[in-house]
Each structure stands twice: as structure tokens, then as C-alpha cells.
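Engineer: Mind having a look at this structure? Questions to follow.
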Amino acid sequence: MKEYNVAIVGATGAVGEKMLGLLENASFPIKSLKLLASKRSVGKTKTFRGQELVVEETTDASFEGVDIALFSAGGGITKQFSPAAIKAGAIVIDNTSAFRMDPETPLVVPEVNPEDLRKNHGLIANPNCSTIQMVVALQPIREKFGLDRIIVSTYQAVSGAGLHALEELKTQAQAILDGEEPVANILPSGADKKHFPIAFNALPQIDVFSEGGYTYEEWKMINETKKIMGDQTIKVSATCVRIPVMSGHSESVYFEVDDKDVTVEDIWEVLKDAPGVILQDDTANQVYPTALTSVGKKETFVGRIRKDVDVENGFHMWVVSDNLLKGAAWNSIQIAEKMIEMGLI
Ligand code: A2P
């Protein structure tokens, strides 16, 4: 079996560390692994498959001989270094939003649109974490019953905003428990003017505000869902909220199918064997997905499926996944695995 030279850009970050952990355990065919980050991290070491690897600074020259470059260091870093990586012959799998809506760039969730991988020009975009888990749960339903509309409200974990945000959550929680004033420097968005505590709070802002009163995170869910599903006519609306959970995004998803005769049992039937989905829906025994139980798992968990009280073809469900795994690191590695399987790398 062919083996590959792999690089992780952002190897010291929340997602990069998960990538390293997944590659450690997976049967992924690695010849060599390069850990790249900023100048600040040069010289830090990490153990991989029994070997000590030293973190290097990311430069244009870093990608010589690299076959697969997994980027997760922010959109600016992708824009700065992905051209050099592609020029060096690497396939870039990018976890940032830099190229997601670029018409030339495939935006892929392997369970949903693997065929789009064939259209790549050296870079594949990994969708937004909240979008990934939602489309994994909805696509099997869409294939069977058609899908007309989606309204989603998210309850997103702090790790999605990076390791510094997680530290801030812990420090604020301790400050409040100690009777002190919590200090907020990062959330809701490092790019916005004001900051509010996330500890013991819920913030209805993820990323900065954009058109129509929606945030960029909400627009990402709207636009990316249509692009991944390859259908601009699906109606999508989103409200994205950050909550003081460390990892595991939860979503309340309302959707309308085309077929008016669909029952909850029909949806269970479709989801119980759907790729990447674990159905946890038994309210009589209080069985439903939670953020904590999703942590460390690669699947998307679905429960609380019920018919809308008024709308005949409307349903509600609760969708949970580990935002750092299926929402980021695992989806990226799955893309690489799929490309190898399809003979594209
Ligand atoms: P570093 O740790 O050296 O700053 P998170 O999303 O958890 O905040 O992580 C962001 C990741 O992006 C980290 O690995 C960080 O490395 C990396 N990063 C930040 N700035 C750069 C840069 N200029 N070049 C390469 N990697 C960077």
C-alpha cells in the first residue's frame, strides 16, 4: 500500500491536536508527519507513533515532498501558505472558511457529496462544524423523502473558538465561583469590539454580524448547506448560539420534507442505518444524545425526532456531534481517506 507524507498546519491548536490524535490511532498510511505552527511554537515536541516530532515554523518551503497538507490555523494562514503547498504538489484539506464558497473549491462531507472531490484543483474545503453534523443527519432523510426547508438553532461548544477560548471559559467559571468579576477578552468573537463572559451564559453571536442581522456563522450554515447538498432551492435559516460547554455541538433542527405521509418511524428507519449516524431516540427511557456523551466519538448522534404539532410535513430533531472530530479533524482525515480510496491522491 502506498504511504503518504502528511503535514498538519496548526498542529498546536485545538483541531490540530485532534488531527494528531486521530492519525496516531487510525490505520492511515503515513510515511512521514510534519508538524507546523507559528514561530512561537518552534521547538515544542509531540509524540507520534512512538517517535518524538518537533514543531516547525510554517513557511513556503515547508511543503516540499508533502502529499497531504491538513490546514487548521485560521483563514489568513490558509490564504498565505496554501498556494505554496499546492505548487509543491500537495493536496490541501482546509478546515477554515477561506475557500469554502469559492466555486472552484469542493466543499465536502464524505457521507454526503464524495463525488465533488473529483472536481478539486489541489484544495478541498472542510465545512463549518455545525453544518457538517446537520447535513450528515439530514442527507439520508433528503434522499428518501425530499427536503424543502431547514430551520436550525445551535448550542455550540467553546472549543470551536480555539484553545484560548476554552482557557477563558475555565478562568471565568473559577472567577465567578470565587465571587470575582469574570474577565472576557475573546468571545463572542475576537474580531468584534465587545466581549462578554461565556461562563454560566449563552451568547447569541458566533463570529461577527453580517447581512440581514445574521452572523457569519449563520450565513456559513445557510450557504454551505446548499453548496454541499448541491441544491440552491432548499430554504435554510439558522440561529447560532455559544454555550458554556467545552466540546460537543448540539442543534435543534426543524425540517420539512416533500412527502406529506412521512412518519417518525419512517425517519427512524432511514437514520438507523445511515452512514456516520447513530440514532439515540427512546424518550420513554430518556435516551437522547448529549454533548458530553458525544465527546471523543466520530459519529453524529440524532434523537428527539418528532412531528411538528401544526405542520404536516414538518419535523424536529436533536443533533449532536463532537465539533473537534466530525466537525473538524475527523472530517478532514475522512476526506483524505476517501481521496486515497477514489485514487485521487
Ligand atoms: P501557535 O500555537 O504556534 O500559535 P486554535 O484554533 O486552537 O487557537 O489554534 C490555532 C493554530 O494556528 C495553532 O496551532 C497556531 O500555532 C496556528 N497558527 C497561528 N498563527 C500561525 C502562523 N502565523 N503560522 C502558522 N500557524 C499559525
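The values are calculated or read from the model by the stated rules, or taken from the named source; none is laboratory data. The structure presented is a predicted model; accordingly, all values stated were derived computationally and were not measured. Note that we place each Cβ from the backbone using ideal geometry, even for glycine, and neighbour counts take in every protein chain shown. Heads up: the accessible areas ignore ligands, DNA and RNA and are worked out on the full protein's heavy atoms, side chains in. Shrake-Rupley method; radii C 1.70, N 1.55, O 1.52, S 1.80 Å.
Engineer: MET246 versus VAL309, label points 7 Å from Cα toward the beta carbon: distance in nm?
Structural biologist: Placing both labels 7 Å beyond Cα along the Cβ direction yields 3.8 nm.
Engineer: Per DSSP H run of at least 4 residues, take -39500 (n - 2.57); add these up for the chain, divide by its residues and hand me the 222 nm value, nearest 500 deg cm²/dmol. Write out the running numbers ahead of the final one.
Structural biologist: Values: 8 runs with 95 residues, N = 345.
After summing the helix terms and dividing by the residues of the chain, the value is -8500 deg cm²/dmol.
Engineer: In addition: Throw me the Rg/Rh for the chain, computed over C-alpha atoms with Kirkwood Rh, two decimals. Present the calculation step by step, with values, prior to reporting the outcome.
Structural biologist: Values: Rg = 20.1 Å, Rh = 20.8 Å.
Taking Rg over the Kirkwood Rh, I get 0.97.
Engineer: Find out how many positive minus negative residues lie around LYS39, taking Lys and Arg as positive, Asp and Glu as negative, among other residues whose Cβ is under 14 Å from that of LYS39.
Structural biologist: 0
Engineer: Here's another thing I want to ask about it. Please report the antiparallel percentage of the DSSP beta bridges confined to the chain, to the nearest 5.
Structural biologist: 50 percent
Engineer: Quick one: what are the phi-derived ³J(HN,Hα) couplings along region 156-171, Karplus 6.51/-1.76/1.60 with θ = phi - 60°, whole Hz, x for glycine and proline?
Structural biologist: Using θ = phi - 60°, the values come out as 9, 6, 6, 4, x, 9, x, 5, 5, 5, 4, 4, 5, 4, 5, 5 Hz.
Engineer: Separate question: Using a cut-off of 14 Å between beta-carbons, work out the net charge of the residues near SER97 (Lys and Arg +1, Asp and Glu -1, SER97 not included).
Structural biologist: That works out to -2.
Engineer: What residue among GLY76, HIS195, VAL302 has its Cα farthest toward the positive end of the dipole of the chain, where the charges are +1 on Lys, Arg and -1 on Asp, Glu, each on the Cβ?
Structural biologist: The one lying farthest along the dipole's positive direction is GLY76.
Engineer: Follow-up question, since we're still on this one. Between ASN185 and LEU344, what FRET efficiency follows from the Cβ-Cβ distance if R0 is 45 Å, with the result rounded to 0.05?
Structural biologist: 0.60
Engineer: Does anything in region 244-271 have its amide N under 14 Å from the 7 Å Cα→Cβ label point of PHE200, and if so which residues?
Structural biologist: Inside the label zone: 244.
Engineer: When only DSSP loop residues count, what GluC sites (Glu not before Pro) in region 200-260 have their Cβ near at most 14 other Cβ atoms within 10 Å?
Structural biologist: Nothing satisfies the criteria.
Engineer: For the chain, which whole-number percentage of the solvent-accessible area (1.4 Å probe, protein heavy atoms only) is attributable to carbon and sulfur atoms?
Structural biologist: After summing per-atom areas, the C and S share lands at 50 percent.
Engineer: Now for a separate question. Got a sec? What order do PHE28, PHE209 fall in by accessible area at 1.4 Å, biggest, i.e. largest, first?
Structural biologist: Heavy-atom accessible area, descending, gives PHE209, PHE28.
Engineer: How far apart, in nm, are two points set 7 Å out from the Cα along the Cα-to-Cβ line at LYS39 and at ALA175?
Structural biologist: 3.0 nm
Engineer: Report the charge-dipole magnitude of region 131-323 in Debye, nearest 20, computed about the Cα centre from +1 at each Lys and Arg Cβ and -1 at each Asp and Glu Cβ.
Structural biologist: Computed about the Cα centre, the dipole is about 320 debye.
Engineer: Okay, moving on. Using the Cα centre of the chain as the reference point, and only Cβ charges (+1 on K/R, -1 on D/E), how large is the resulting charge dipole? Debye, rounded to the nearest 20.
Structural biologist: Roughly 900 debye, rounded to the nearest 20.
Engineer: Let me ask you something else. Considering region 131-323, what Rg and Dmax in Å follow from its alpha-carbon atoms?
Structural biologist: According to the Cα coordinates of region 131-323, Rg and Dmax are 17.7, 56 Å.
Engineer: Looking only at region 310-341, which residues have a backbone nitrogen under 16 Å from a spot 7 Å from the Cα of ARG118 in the C-beta direction?
Structural biologist: Once the point is set 7 Å along Cα→Cβ of ARG118, 338-341 turn out to lie under 16 Å by backbone N, inside region 310-341.
Engineer: Heads up, I need the accessible area for VAL42: 1.4 angstrom probe, whole protein in place, Å², nearest 10.
Structural biologist: 80 Å²
Engineer: So which trypsin sites (Lys or Arg not before Pro) in region 145-241 end up in coil per DSSP with only 16 or fewer other C-beta atoms within 10 Å?
Structural biologist: Details: sites: ARG149, LYS170, LYS193, LYS194, LYS220, LYS226, LYS227, LYS235; in loops: LYS193, LYS194.
Filter output for region 145-241: LYS193, LYS194.
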